[in-house]
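Novice: Attaching a single structure in structure tokens format; questions to follow.
The values are calculated or read from the model by the stated rules, or taken from the named source; none is laboratory data. Note that the structure is a prediction, hence the values are computed from the model and not measured. When we count neighbours, we look across all protein chains shown, and the Cβ atoms used for this are built from the backbone with ideal geometry, even at glycine. SASA here: full protein model, heavy atoms, side chains in, ligands and nucleic acids out. Shrake-Rupley method; radii C 1.70, N 1.55, O 1.52, S 1.80 Å.
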Amino acid sequence: MVAAGATALGEIADGSLAEIGAARITHGDPATGIVNMPGGRLAVLRAADGNLIGLNQSVPMSW
């Protein structure tokens, strides 16, 4: 999606989203914006047309 013009976003200190590299990412991977959560991973991108896209991947939880 990034190769097609989407921009990866990450969460910054005030809870809003910013482009990766434009501000300090405080929640998630600073290089990708991907957030690991119990049972899943989440990525948010801004499509070339401005729409936000959320991608969720289920990850098995190990106890």
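Novice: Only one of A31, A47, A22 is more than 12 Å from the chain's Cα centre (by Cα) and open to solvent by 40 Å² or more (accessible area, probe 1.4 Å). Can you tell me which?
Specialist: None of the others qualify; the one that does is A22.
Novice: In addition: Could you please give the count of residues in segment 50-63 that are open to solvent by 70 Å² or more (accessible area, probe 1.4 Å) and not polar (S, T, N, Q)?
Specialist: 5
Novice: Sort out which residues of segment 6-19 are assigned to a loop (DSSP other than H, G, I, E, B), out of contact with any Ser or Thr (no Cβ under 6 Å at 6 or more places or on another chain) and either open to solvent by 60 Å² or more (accessible area, probe 1.4 Å) or in contact (Cβ under 8 Å) with a residue 60 or more places away in the chain (or both), and write them in order of number.
Specialist: D14
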